[in-house]
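> Here you go, one structure.
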Amino acid sequence: MMIQTAFFNCDACLLARKLLGKVIRRNYHGHWLAARIIETEAYYLQEKGSHASLGYTAKRKALFMPAGTIYMYYARGKDSLNISSKGTGNAVLIKSAFPFSDTLSSKKALSIMQQLNPTASGDIRPAEKLCRGQTLLCQALNLKVTRWDQQVFDANRFYIDDINDKPEKIIQTTRLGIPAGRDEQLAYRFIDHTYSRYCTENPLTRRRWVEGKQFWIITP
């Protein structure tokens with residue numbers, strides 16, 4: 001079932017947790033591709049790590065639009081997917097996903113996603129690494145800044161689906177790539193515990209990281 005706009009109208013950290021286990025569906029030339037969301041990050045207007053904290057611009061307009069608006073930008077020159085949440089300037093970054101298949105998916109879905117997102121040398125990227133990171137995810141699903149920034153989800157082309165499957169446990173930890181002095185200590189990253197080995201960076205395997213200090217395990 002396509003998630004309706006009201007779903008996104010909540011606190012950014014809450015939305016980041018709620019999105020875990022949901023499925024991104026993308027119609028690519030008549031083939032439905034899909035990926036299960038396994039890692040997210042929340043951002044707020046008031047904290048220094050967010051784009052919105054830098055102020056309103058035409059490029060950041062989506063962050064100041066109603067909850068459920070798609071905000072896409074270039075991260076190191078490649079596409080990145082975010083969704084606005086409740087409150088001006090607040091949003092959630094879709095950090096990682098895992099290829100997903102069900103009766104709605106094309107039989108060629110995985111093959112198409114691998115063709116869209118080969119390795120740097122042109123080889124086939126393994127399924128477990130296909131959406132491991134925000135730009136790899138967008139490349140595998142052919143999600144482009146030029147097409148989807150400042151848009152809303154479309155049931156015929158690109159939407160998020162609730163398949164009634166929530167994570168049993170969630171890892172909460174600090175976000176990635178936040179420069180020093182820009183609220184890098186905030187624990188606004190959330191990971192589906194079951195899929196933690198496929199996320200961008202797994203807190204459970206980091207040396208010297210201790211539960212209760214650098215990361216926490218919570219229930220949905």
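> Residues 163, 178: which one is surrounded by 18 or more Cβ atoms within 10 Å (Cβ to Cβ), of a type outside the set (S, T, N, Q) and out of contact with any helix residue (DSSP H, G or I) (no Cβ under 9 Å at 6 or more places or on another chain)?
From the options 163, 178, the qualifying one is 178.
> Name the one entry in 49, 87, 68 that is modelled with pLDDT of 95 or more, assigned to a loop (DSSP other than H, G, I, E, B), closer than 15 Å to residue 148 by Cβ and not aromatic (Phe, Trp, Tyr).
The unique qualifying residue is 68.
> Moving on. Which of (1) on the phi > 0 side of the Ramachandran plot; (2) of a type outside the set (S, T, N, Q); (3) out of contact with any helix residue (DSSP H, G or I) (no Cβ under 6 Å at 6 or more places or on another chain); (4) free of Cβ contacts under 8 Å to residues at least 60 places away in the same chain does residue 89 not meet, given it meets every other one?
(3)
> Given the criterion closer than 19 Å to residue 74 by Cα and either loosely packed, with under 13 Cβ neighbours inside 10 Å or of a type outside the set (S, T, N, Q) (or both), identify the matching residue among 186, 137, 204.
From the options 186, 137, 204, the qualifying one is 137.
> Within the stretch 2-30, take every residue that is of a type in the set (Val, Ile, Thr) and crowded, with 20+ Cβ neighbours inside 10 Å and give me the one that is farthest from residue 218 (Cα to Cα).
Looking at residues that are of a type in the set (Val, Ile, Thr) and crowded, with 20+ Cβ neighbours inside 10 Å, I get 24.
> Checking the condition surrounded by 20 or more Cβ atoms within 10 Å (Cβ to Cβ), more than 12 Å from the chain's Cα centre (by Cα), part of a strand (DSSP E or B) and of a type outside the set (Phe, Trp, Tyr), which residue from 81, 33, 63 passes?
None of the other options fit; the residue is 33.
> A follow-up question, please. What do you reckon, is residue 114 within 17 Å of the chain's Cα centre (by Cα) and polar (S, T, N, Q)?
no
> Determine which member of the set 178, 160 is aliphatic (A, V, I, L, M) and not in a loop (DSSP other than H, G, I, E, B).
160
The values are calculated or read from the model by the stated rules, or taken from the named source; none is laboratory data. Since the structure is predicted, the reported quantities are computational estimates derived from the model, not experimental observations. With ideal geometry, Cβ positions are generated from the backbone for all residues, glycine too; neighbour counts draw on all protein chains shown.
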